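Just below is one structure, and these are the notes that go with it.
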Amino acid sequence: MRSLALSLLLALLTACCEGHAASSRNTSMTCGSPYTLVGNECLYFMVFAKVTFQEAHYTCQTADGGLANIISATQMKAVVDYIKFSDFKSKDFWLDGTDSEEEGKWTTVSGQPILMGTPFWASYLAHDEPNDYLHKEDCLVLSYDEFYYMNDVSCDDKSHPLCQAPPTLTAEDEGAATALSGSLECPFMFNPVGGLCLAFVLWEKLSWTDARQICHGMNGDLVAITDIEVLRALYMHLQDENIADHTFWVGGSDAEEGDWRWTTNEAVDMGTPFWGLYKYQQEPTAGIFGNCLTLKSPGGYYFRDDSCHEKHNPLCMYVEP
């Protein structure tokens with residue numbers, strides 16, 4: 001039952017949210033052989049070679065490139081989608097990343113920082129990667145066993161190089177590849193995160209249905225996360241604001257078992273890089289006992305299924321009336 005204080009708070013909310021966030025980029029790019037355009041990068045999955053980390057660096061250099069460095073959530077999704085589409089079974093791929101110089105400080109060989117956390121690194125409810133198992137794991141792979149999330153392994157292991165070379169822009173695209181973004185204004189209690197107006201209801205833990213009702217009272221609904229960049233922005237916001245100890249309900253469910261849908265009726269993206277891991281399986285794993293979608297702490301704030309009757313904090317998205 002809604003508390004009097006919360007009812008009074010909801011009565012004060014105003015419904016005004018104007019603005020938008022947009023970006024544009026021409027992508028008429030080409031890649032020289034043997035590279036393939038994956039997202040906005042020219043990549044070469046060298047599936048015929050299985051080498052150590054150092055040997056992978058040399059091998060990519062001989063192919064006029066270097067080991068790939070994943071620098072955005074969008075690129076991460078593009079790479080994983082390409083791997084799944086190409087059906088590269090049982091293959092791990094080296095990426096340009098190591099903490100051999102200073103434990104826990106992950107950089108490329110040239111010193112560029114490696115992005116950490118969601119949606120890049122494997123995360124279980126019991127632990128997160130990288131974990132430096134036996135103090136011997138200092139190099140970076142996309143791991144088949146961990147559903148193509150990033151994992152730290154021994155640099156002497158043998159995996160396949162994932163090489164990257166600069167794309168070639170057409171003449172008309174030179175100087176036209178600048179992203180433009182607008183401002184986003186959000187109403188009271190909502191914050192701009194990843195191009196959405198979000199409200200983190202930290203003061204109430206409710207069932208999924210009751211959480212959705214709270215969002216309705218705030219002129220919104222449980223958030224639908226349909227873009228991997230939103231998940232990344234949300235993860236970073238929770239870390240920056242020191243509120244990463246809450247588990248949130250979001251607006252996904254599978255009322256028809258296995259058919260995960262947002263409250264907007266859009267299909268929920270399945271697999272990597274959205275869903276977390278549990279005992280070396282990929283979520284969802286609860287079957288008929290878990291029909292509602294959470295972002296859990298612990299668990300890296302990846303998607304996880306849970307009983308709709310559990311009580312978690314609502315994560316609301318403003319919806320213009």
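The values are calculated or read from the model by the stated rules, or taken from the named source; none is laboratory data. Predicted model only: the values in this text are computed from it and were never measured. We place every Cβ from the backbone using ideal geometry, glycine too, and count neighbours over all the protein chains shown. Side chains included, ligands, DNA and RNA excluded: accessible areas come from the protein's heavy atoms. Shrake-Rupley method; radii C 1.70, N 1.55, O 1.52, S 1.80 Å.
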>> Check which residues have an amide H placed less than 5 Å from G252's amide H, if you skip close sequence neighbours.
In response: L293
> Quick one: which of K89/K136; K89/K296; K50/K279; K105/K136 span more than 23 angstrom between C-alpha atoms?
Replying inline: K89/K136; K89/K296; K50/K279
> Between S123, G65, S86, whose Cα lies farthest towards the positive end of the dipole of the stretch 50-147 when Lys and Arg beta carbons carry +1 and Asp and Glu beta carbons carry -1, centred on the Cα centre?
Replying inline: S86
>> Let me cross-check L234: its accessible surface, 1.4 Å probe, with only protein heavy atoms counted, in Å² to the nearest 10?
In response: 10
> Cα to Cα, under 15 Å, and not fewer than 8 places away if on the same chain: which aspartates and glutamates meet these conditions relative to K84?
Replying inline: D92, D145, E146, D269
>> I need the shape label for the stretch 50-92. Rule: rounded when a/c is under 1.5, else prolate if a/b > b/c, else oblate, with a, b, c from the alpha carbon gyration tensor.
In response: oblate
> Under unit Cβ charges (Lys, Arg +1; Asp, Glu -1), what dipole magnitude, rounded to 20 debye, does the stretch 72-212 have relative to its Cα centre?
Replying inline: 540
> Could you state the principal axis extents of the C-alpha atoms in the stretch 149-288, from the largest down, to the nearest angstrom?
Replying inline: 50, 42, 33
> Which far-off residues, 5 or more places away or on another chain, put their amide H under 5 Å from the one on L222, with H placed in the peptide plane?
Replying inline: M317
> Taking a ≥ b ≥ c as the square roots of the eigenvalues of the Cα gyration tensor of the stretch 194-275, is the shape rounded (a/c under 1.5), prolate (a/b larger than b/c) or oblate?
Replying inline: oblate
> Which listed residue (P192, Y133, S307) has the Cα farthest towards the positive end of the charge dipole for the chain, taking +1 on Lys and Arg C-beta and -1 on Asp and Glu C-beta about the Cα centre?
Replying inline: S307
>> Please compute the per residue accessible area over the stretch 36-107 with all protein chains in place, 1.4 Å probe, rounded to a whole number of Å².
In response: 48
> Once phi is turned into θ = phi - 60°, what whole-Hz ³J(HN,Hα) does the Karplus curve with 6.51, -1.76 and 1.60 give for every residue of the stretch 275-291, x standing for Gly and Pro?
Replying inline: 9, x, 10, 8, 6, 6, 10, 9, 4, x, 10, 8, x, 5, 8, x, 10
> For the chain, with only Lys/Arg (+1) and Asp/Glu (-1) charged at the beta-carbon, what is the dipole magnitude about the Cα centre, in debye rounded to 20?
Replying inline: 500
> By its C-alpha gyration tensor, with a ≥ b ≥ c as the square roots of the eigenvalues, how is the stretch 30-103 shaped: rounded for a/c under 1.5, else prolate for a/b larger than b/c, else oblate?
Replying inline: rounded
> Which of T168, T52, T272 moves most in a GNM of the chain, Cα contacts under 10 Å?
Replying inline: T168
>> Please list 3J(HN,Hα) in residue order for the stretch 104-115, calculated via the Karplus relation 6.51 cos²θ - 1.76 cosθ + 1.60 where θ = phi - 60°; whole Hz, with x for glycine and proline.
In response: x, 9, 8, 9, 5, 4, 7, x, 6, x, 8, 5
> Based on the Kirkwood radius over alpha-carbon pairs, what value in µm²/s does the Stokes-Einstein equation return for the translational diffusion coefficient of the stretch 239-321 at 10 °C and 1.306 mPa s?
Replying inline: 119
> Rounded to two decimals, what is Rg over Rh for the chain when you use alpha-carbon atoms and the Kirkwood radius?
Replying inline: 1.00
> Counting only protein heavy atoms, what percent of the accessible surface of the chain is carbon or sulfur at a 1.4 Å probe?
Replying inline: 51
> If you build a Gaussian network model of the chain, linking Cα atoms that sit under 10 Å apart, which residue out of E41, E283, E101 swings the most?
Replying inline: E101
> If you build a Gaussian network model of the chain, linking Cα atoms that sit under 10 Å apart, which residue out of G104, G65, G251 swings the most?
Replying inline: G104
